[in-house]
Amino acid sequence: MRRLTRLVTEHPYWLLAAIGGVSLVFAAFLPRIGFQADYSKMLPEDDPVVAQYRRTRDLFGGQSLFMLALVVEEGGTLFDLPSLQKLYALTAELERLKEEGLAEEVVSPANVKIVEGREGALLVGPILPGPPESPADVELFRQKALEERMVRDNLVLADGSGAIVLIRLPSAVEGQEDVEARILGYLEDLARKYAGPEQIYISGDAAFLVYVNRYMRQDLAFLLPVVVAVVVLVLFLSFRSVWGVVLPLGVVLVGLVWTMGLMGLTGHKLTMISTFLPVVLVAVGSAYGIHVVNEYFQRIARGEERKEAVQATIREMVVPVLGAAVTTAAGFLTLLSSFLVPTREFGLFSALGVMTCFFLSILMIPALLAILPVPRVRPPKLQMASAEKFAQLLASRPVGVLLGVLLVLGLLVGGIPRLQVESDVTRFFREESPVVQGLRVVDERFGGSQELSIVIDTGRRDGLKDPEVLRFMDRLQRFLENKPDVGSTFSLVDLVKESYFTLRGDDPAFYTIPETSRAVAQVLLLFEMGGGEVTRSLATRDFRLGRISARVRSVGLSGYDALLRTVEEFVAREKPASVVDWYVTGSPSLYIQLSKKLIASQLVSLGTSFGAVGFIVAVLLLSLGAGFFVLIPLLVAVAGNFGIMGYAGAYLDIATAMIASLTVGIGVDYAVHFLNRYRNARASELPHPQALAETFRTSGRAIVVNALTLALGFLVMLLSRFGALNTFGWLVATTMVTSMLGALLVLPAILVWVPEGVYQPWPALRPLWIKLGLLEAANPEEKKEGKDETPRS
Amino acid sequence: MKRLVLSGLLVLFGVWAFAQTADEILRRVEEQGFFGTGRESLYASLAVTIQERGQPQVDYAFRVWAREFPDGTVKVLLLYAAPEDVAGTLFLAHVPKEGATRMWLYLPELGLVKELVGETERRGEFLAGSGITYEDISKGFSYRADYASELSGEEVRDGHPTWRLELSPKTPGLEWSRIVLWVHREHAFVVRAEFYDREGKLSRILSVPELVTDALGTRPAALRVEDLGKGSWAEVRILEREVGAVPDAYFEPTNLPKLQL
């Protein structure tokens, strides 16, 4: 510690130059940071859900869709010449994506192949040979589209009010952010070109991912300056000093460059979770600087010399700030237990960022203070003059205070049973965003904006041609279509039935599966020879595996779970022995199942973070009791958080599940600062009321400023374009305030009954800590033992 | 599949003549057809293997009878020999010198003959996953209309003495920005072709792994098509071919259910 204080005060320029050099190196890697929104790439390779998804993608091609819905104006119809010509022109432009390898298939009413029989002949081809040129063509289109089971209410609405085009991405393109963004840009151009009087909506899971990326960029560019401005404002109001603003903020910005530079250097990308890492770091990291600057200003105000004040500030602040940083980092590091890669990355880099801010607070700020002129410290706006009165109240009426807190807490906890686990991709976005609008239209009118895949494995070559298997798939499709959240389904079954029906002269009795495997095989051959194609998305080339696609509405976790359960029950009941395996996959399935796992893992990591934080505090403060007592305000904050979520109707989802762990990591700082000050005051043999007053006077202001800075910093997320982050922002802000109140109300009220030995350092380790300069010697003997040459004030 | 029979095999069969200039060489290549000079009728047995990335290998086997009639109409009968579930299926095509082709399919399991009213133009692969497009099949190596050719040298390619032809598009917007052909100097087969996409990237390779000699002369044993973009390949192997009279009855749609082949 002595070396450290000497280094900072005697070689501040070298130290600052070194920090500047490292910052330049990290800054050089900032441009390398990209964005990542592909769910499957966020997951560990060996996750069974991902493995299933990737296997399906390899076997059946891309699983991601863009959807383009063309909806005619109120009272209009698609079945008129201009509107239908528009649909054909739009389809022709969309097919260019296929030619450029950007789409695996483009399915539109204008190009979908239907099976027709003509006087002993069979034709598989589009509804019209080309764009309609006359009202007669339009009428022919209307008749055929409405007769065709694969088109009516699937691609064209029966009332003529709209049509939809599906664009399936090639598997090679899926997850390539730049390519998907290019495709979406192209679709948006087309939507602008062809809109009016018809409206054109873009939807599909591929669109969601691009919108997520787009909003992430916009959020980062917009929210970071706002949160910086908020921090500047709070700091200025608190310290009323330029340096009081510049120093903590400087630490955070340099820390941010180091952390983000490290991300760029190691090839990590920003995800929807880590996008707000800079915002979190600015809010959290500024706290350490606040405490250091606050300590220095107080010492200057007491008339200490600059060098002495700087050295004493380092000594005084290193333990509480280290404690705060390590516990916060530990809170973030518990996210490493998550199986979700972005959460792990967020946890890791947040922890690194926090520790960077700690080191910079304890090195860079004192180094700058050592060379800057001594500031003229003005009395802060936020006075703690009432601190002593407050302390007296807490000291004299601890029971009343605790009862009051318990009453409020009890009310809040009453909201916990209302808390619901839910995960709905639409909640990522604000209701007015174009992606949600598109989703609503496609969900409500076209049967679903998401696509699920049900993969059937027969375990043998040509097994899919077995009529028993096809009949099972057929029953499963009909079962699904009867579910309110499922729109339409499609599989090889539809091609077989449609072709067989046509082959038998459109006799409705033959809209069925042929009796033998050979008959099925020959019907399919006829279909292909007639101009159709059994696409890769329906069956593997050897007809061992087949895929049923089901368009589903955005149902969220609970709806998806219910659907999956009923499908499982159906399959268990109906599956023939010739089907050896089956599973459900697809983008929504991937997202929902992952969310479910993530939420569960987050709740587990909450327990871990409590344990880890308590342990770290116990080690740093050399007291098991201290480790225990700092957790009490956190329990209040976390329980309050879940209760508030319950009352507010905020779901426990992929974002909000992280709040509890973050609260433990960040919120513990207040308790650590408070307890450290309090026990120092008690060690100086001050009685409880005076020790409380001293603690409030010295640390109370910094704790309040710290909590307000964080709360306001997180409230900035209300400006995010992600609905999920809006909720996340105000909830974290609330927990910052509740954990501060826990530290300033509950902890002091409890400490009145706690014997001093419970939270004071363990005597056996005191000499070592004093030797390291991490603990203040209580008497001259101890000072001598610890060889602490520079006594603390 | 039917296009394979109708015109694709021109790549695999035929007698080829010496030529000197690039255009002459290309013309000779284009002139080669399934039915070479003096061959009014022919029988062949073929096997096709398709391997797509991430997909199981698929095998087909066919027996083909073809005959050129005096009015210039070429009639082709194709019997599916494998896979087993379509074995016995017959495909019949009448290709007049001018006008539309007529096609029928006989499905033995259903006992039905159906005429296929095909689209006038087909795009995409003729056999799913093969990388061989309908355009390739229908045109063979007919590139003279769209591409300018240049004889860029003589070289030994895969052990064969060849002419090397460089083809470049006459007009922009064509599928290939560059095609390179290696034409056997003795037999005038294309033994290798490379196709470069619009970005100039090698996208597809056609190659002849081996030459064999049968009673009709020397011919490629197989044609292999590799789609480098998709990572798939297809191989068409000629197992047997012979010249001989094929009965008229083979080419009548109404006879299809009765034929004993």
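Among the residues of the range B:123-133, is any at pLDDT 90 or above, surrounded by fewer than 21 Cβ atoms within 10 Å (Cβ to Cβ) and either away from chain A (no Cβ under 11 Å) or not in a strand (DSSP E or B) (or both)? Show your work before the answer.
Going residue by residue through the range B:123-133, those that are at pLDDT 90 or above are none.
No, that holds for no residue.
Go through (1) more than 30 Å from A:G61 (Cβ to Cβ); (2) surrounded by fewer than 19 Cβ atoms within 10 Å (Cβ to Cβ) and name the single condition B:R198 misses.
(1) is the only condition that B:R198 fails.
Within the range A:662-715, which residues are under 30 Å from A:S337 (Cα atoms) and among the basic types (K, R)?
none
Would you check if A:R547 is within 14 Å of chain B (Cβ to nearest Cβ), modelled with pLDDT of 95 or more and not in a helix (DSSP H, G or I)?
Working: within 14 Å of chain B (Cβ to nearest Cβ): yes; modelled with pLDDT of 95 or more: yes; not in a helix (DSSP H, G or I): yes.
Yes, satisfied.
So, in the range A:439-476, how many residues would count as being among the basic types (K, R) and away from every other protein chain (no Cβ under 14 Å)? Walk me through it before giving the result.
Step one: list which residues in the range A:439-476 are among the basic types (K, R), which gives A:440, A:445, A:460-461, A:465, A:471, A:475.
Keeping just the survivors that are away from every other protein chain (no Cβ under 14 Å) gives A:440, A:445, A:471, A:475.
Residues meeting the conditions: 4.
Which residue, of B:E68, B:E115, is over 30 Å from A:R57 (Cα atoms), in contact (Cβ under 8 Å) with a residue 24 or more places away in the chain and at the interface with another protein chain (Cβ under 10 Å from one of its Cβ atoms)?
Working: B:E68 fails: at the interface with another protein chain (Cβ under 10 Å from one of its Cβ atoms).
Answer to the selection: B:E115.
If A:S554 passes every condition in (1) touching a residue at least 12 places away in the same chain (Cβ under 8 Å); (2) surrounded by fewer than 22 Cβ atoms within 10 Å (Cβ to Cβ) but one, which one does it miss?
Among (1) touching a residue at least 12 places away in the same chain (Cβ under 8 Å); (2) surrounded by fewer than 22 Cβ atoms within 10 Å (Cβ to Cβ), the lone unmet condition for A:S554 is (2).
Can you pull out every residue in the range A:107-118 that is crowded, with 23+ Cβ neighbours inside 10 Å and within 14 Å of chain B (Cβ to nearest Cβ)?
Result: A:V115, single match.
Within the range A:308-326, identify whether any single residue is outside any helix (DSSP H, G or I), modelled with pLDDT under 85 and of a type in the set (A, V, I, L, M), and answer yes or no.
Of the range A:308-326, the ones outside any helix (DSSP H, G or I) are none.
The answer is no, given that none of the residues of the range A:308-326 is outside any helix (DSSP H, G or I), modelled with pLDDT under 85 and of a type in the set (A, V, I, L, M).
Given A:Y678, A:Y647, A:Y651, which one is of a type in the set (F, W, Y) and over 30 Å from A:A724 (Cα atoms)? Give the steps one after another, and end with the answer.
Details: A:Y647 fails: over 30 Å from A:A724 (Cα atoms); A:Y651 fails: over 30 Å from A:A724 (Cα atoms).
Answer to the check: A:Y678.
Looking only at residues that are under 24 Å from B:L259 (Cα atoms) and not hydroxyl-bearing (S, T, Y) in the range B:49-67, which one is surrounded by the most Cβ atoms within 10 Å (Cβ to Cβ)?
Of the residues in the range B:49-67, the ones under 24 Å from B:L259 (Cα atoms) are B:60-67.
Among the residues that remain, those that are also not hydroxyl-bearing (S, T, Y) are: B:61-67.
Details: B:A61: 17, B:F62: 20, B:R63: 16, B:V64: 20, B:W65: 22, B:A66: 25, B:R67: 21.
Among those residues, the one meeting the criterion is B:A66.
Taking B:E235 as meeting all but one of (1) within 14 Å of chain A (Cβ to nearest Cβ); (2) of a type in the set (D, E); (3) touching a strand residue (DSSP E or B) at 6+ places or on another chain (Cβ under 6 Å), write down the number of the exception.
The failed condition is (1).
Tell me the residue from B:E155, B:E166 that is assigned to a strand (DSSP E or B), in contact with an Asp or Glu (Cβ under 9 Å, 6 or more places away or on another chain), modelled with pLDDT of 85 or more and more than 30 Å from B:Q55 (Cα to Cα), please.
Working: B:E155 fails: in contact with an Asp or Glu (Cβ under 9 Å, 6 or more places away or on another chain).
None of the others qualify; the one that does is B:E166.
Which residue, of B:L77, B:L92, is within 12 Å of chain A (Cβ to nearest Cβ), outside any loop (DSSP other than H, G, I, E, B) and within 19 Å of the chain's Cα centre (by Cα)?
Values: B:L77 fails: within 12 Å of chain A (Cβ to nearest Cβ).
Sole residue among the options that is within 12 Å of chain A (Cβ to nearest Cβ), outside any loop (DSSP other than H, G, I, E, B) and within 19 Å of the chain's Cα centre (by Cα): B:L92.
Among the residues of the range A:621-659 satisfying the criterion of being assigned to a helix (DSSP H, G or I) and β-branched (V, I, T), which is surrounded by the fewest Cβ atoms within 10 Å (Cβ to Cβ)? Don't jump to the end; show me each part of the working.
Quick first cut of the range A:621-659, residues assigned to a helix (DSSP H, G or I) only: A:624-629, A:631-648, A:656-659.
Filter once more, so that each one left must be β-branched (V, I, T): A:632, A:636, A:638, A:644, A:656, A:659.
Working: A:I632: 17, A:V636: 26, A:V638: 24, A:I644: 19, A:T656: 23, A:I659: 25.
Among them, the one singled out is A:I632.
Among residues belonging to the range B:213-261 that are part of a loop (DSSP other than H, G, I, E, B) and in contact with a helix residue (DSSP H, G or I) (Cβ under 9 Å, 6 or more places away or on another chain), point out the one that is nearest to B:Y106 (Cα to Cα).
Of all residues in the range B:213-261, those part of a loop (DSSP other than H, G, I, E, B) come to B:215-216, B:221, B:228-231, B:244-247, B:252, B:259-261.
Imposing the further condition that a residue be in contact with a helix residue (DSSP H, G or I) (Cβ under 9 Å, 6 or more places away or on another chain) reduces the set to B:259, B:261.
Numbers: B:L259: 11, B:L261: 13 Å.
Ranking the candidates gives B:L259 first.
Looking at A:A637, A:A618, A:A600, can you tell me which residue is under 24 Å from A:F390 (Cβ atoms) and not assigned by TED's automatic domain parsing to the domain that holds A:G556?
On the way: A:A618 fails: under 24 Å from A:F390 (Cβ atoms); A:A600 fails: under 24 Å from A:F390 (Cβ atoms).
Unique residue meeting the criteria: A:A637.
Report the residue count in the range A:707-762 for those that are of a type in the set (F, W, Y) and in contact with a strand residue (DSSP E or B) (Cβ under 9 Å, 6 or more places away or on another chain).
Of all residues in the range A:707-762, those of a type in the set (F, W, Y) come to A:714, A:722, A:728, A:730, A:753, A:759, A:762.
Narrowing further to those that are in contact with a strand residue (DSSP E or B) (Cβ under 9 Å, 6 or more places away or on another chain): A:722, A:728.
Of the residues in that region, 2 qualify.
Could you please give the count of residues in the range A:522-535 that are surrounded by 24 or more Cβ atoms within 10 Å (Cβ to Cβ) and within 7 Å of chain B (Cβ to nearest Cβ)?
Summing the residues that are surrounded by 24 or more Cβ atoms within 10 Å (Cβ to Cβ) and within 7 Å of chain B (Cβ to nearest Cβ) in the range A:522-535 gives 3.
Going through A:L169, A:L90, A:L146 one at a time, which residue ends up being modelled with pLDDT of 95 or more, out of contact with any Cys (no Cβ under 9 Å at 6 or more places or on another chain) and more than 14 Å from every other protein chain (Cβ to nearest Cβ)? Show your work before the answer.
Details: A:L169 fails: modelled with pLDDT of 95 or more; A:L146 fails: modelled with pLDDT of 95 or more.
Answer to the check: A:L90.
Got a number for residues in the range B:42-58 being β-branched (V, I, T) and under 14 Å from B:L78 (Cα atoms)?
In the first step, residues of the range B:42-58 are kept if they are β-branched (V, I, T); the result is B:48-50, B:58.
Subset that is under 14 Å from B:L78 (Cα atoms): B:48.
So the count comes out to 1.
The values are calculated or read from the model by the stated rules, or taken from the named source; none is laboratory data. Remember, it's a predicted structure, so these values are computed and weren't measured experimentally. Virtual Cβ from ideal backbone geometry, glycine too; neighbours counted across all protein chains shown.
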